[in-house]
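The block underneath contains the structure these notes are about, expressed in structure tokens.
The values are calculated or read from the model by the stated rules, or taken from the named source; none is laboratory data. Only a predicted model underlies this, so the values are computations on that prediction, with no experimental measurement involved. Neighbour counts run over all protein chains shown; Cβ positions are idealised from the backbone, glycine included. Heavy atoms of the whole protein, side chains included, go into the accessibility calculation; ligands, DNA and RNA do not. Shrake-Rupley method; radii C 1.70, N 1.55, O 1.52, S 1.80 Å.
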Amino acid sequence: MSQTPAEPRLSATVLIIRDGEEVPQVLMVKRHYQIDFAAGALVFPGGKANEEDSDPAWDAFTDGDFGPVQQDARIAAVREAFEESGLLLARHSSQRGPGATLVGPAVSERLAPHRGPVDRREESFLELMRDNDLVLALDSLIHFGHWITPDMMPKRFDTHFYIAPAPADQIAAHDGRETTDAVWLGAQEALDMELAEQATIIFPTRMNLVKLARATSVADAASRFGSEEVVSVLPKAGKDESGQPCLFIPEEAGYGQTIELLSRVNV
């Protein structure tokens, strides 16, 4: 008798990128080995949305109007980036608007002691922004991908991926609780590390690295992906031509592959 699939939880992930010497670099964090999902894997900062992310009071403390789901997911992405890496995609309320400069290292360092309390829900991220006259730069995020965990999984996530330029001069640092390292890597460099068995990278992360690897700079990534349609990906279980169990994803999603062997899927 078939079971009803678990309802996926709204989640968000952000690929924070900066220009490297030859190719763009993306911030990746290593998941703590005791975490129950993707333990030990290299991932982009991100996680589940919480109830405060959908608080209507955020309207006064965010730049950009994206509707209920996108607004909530973007707030979650910025919050998770702050919690897991210390990078804060925000502006002073007196300098808000499209293209306005993000806060510098003095602000992110001053607010760094609040990362843990916000993560543990001991403090409100909304109140932290309000008390410091800041607004979240939601308009700096470009919708990059949308992945939904397969139906057969006991824990499911409805995850929106974004790319965003790194705030100038802010220093990324892991949180020591959910993440144990924070590194800047070229997309192909990260993929090569997995092939050499120097890193664990889960399927959706790998596919979004493949996609990011097409960009030649931060400006190229913004132009290229800002004009592309995001196609939702809900991998479907099946078997390939040789009978091996695999997952199928839609070709129109633009990842350059449509089949992934289950033996390669790290969860």
* Which whole number in µm²/s is D for the chain by Stokes-Einstein, with the Kirkwood Rh taken over Cα pairs at 20 °C and 1.002 mPa s? -> 113
* Gain on full stretching of the segment that runs from Arg264 to Glu251 - 0.36 nm per residue minus C-alpha separation -> 2.8 nm
* To do: Would you tell me the accessible area of Val69, worked out with a 1.4 angstrom probe on the heavy atoms of the protein chains, in Å² to the nearest 10?
  => 80
* Ignoring ligands, DNA and RNA, how do Asp131, Asp72 rank by accessible area with a 1.4 Å probe, largest first? -> Asp131, Asp72
* Assign unit charges at the C-beta atoms only (+1 for Lys and Arg, -1 for Asp and Glu), then state the dipole size of the chain relative to its Cα centre in Debye, rounded to the nearest 20. => 320
* Structure fact -> Taking the alpha-carbon centre of each part, the distance from the stretch 49-87 to the stretch 190-267 in Å is 26
* Structure fact -> Among the stretch 200-218, those whose backbone N falls under 19 Å of a label point 7 Å along Cα→Cβ from Glu228 are 202-218
* To do: Kindly report the accessible area of the chain per residue (heavy atoms of protein chains, probe 1.4 Å, no ligands, DNA or RNA), in Å².
  => 48
* Structure fact -> Semi-axes of the stretch 121-267 from the Cα gyration tensor (sqrt of 5 times each eigenvalue, largest first, whole Å) come to 30, 19, 18
* Can you give the % of DSSP beta bridges in the chain that are antiparallel, to the nearest 5? -> 75
* Within straight cross-link reach of Lys211, meaning Cα distance under 21 Å, which lysines are found once same-chain residues fewer than 8 apart are removed? -> Lys30, Lys236
* Hey, any idea what % of the chain's accessible area is carbon plus sulfur with a 1.4 Å probe? -> 50
* Structure fact -> Note to self, the chain gives a 222 nm [θ] from helices alone (DSSP H runs n ≥ 4, -39500 (n - 2.57) apiece, / all residues, nearest 500) of -7000 deg cm²/dmol
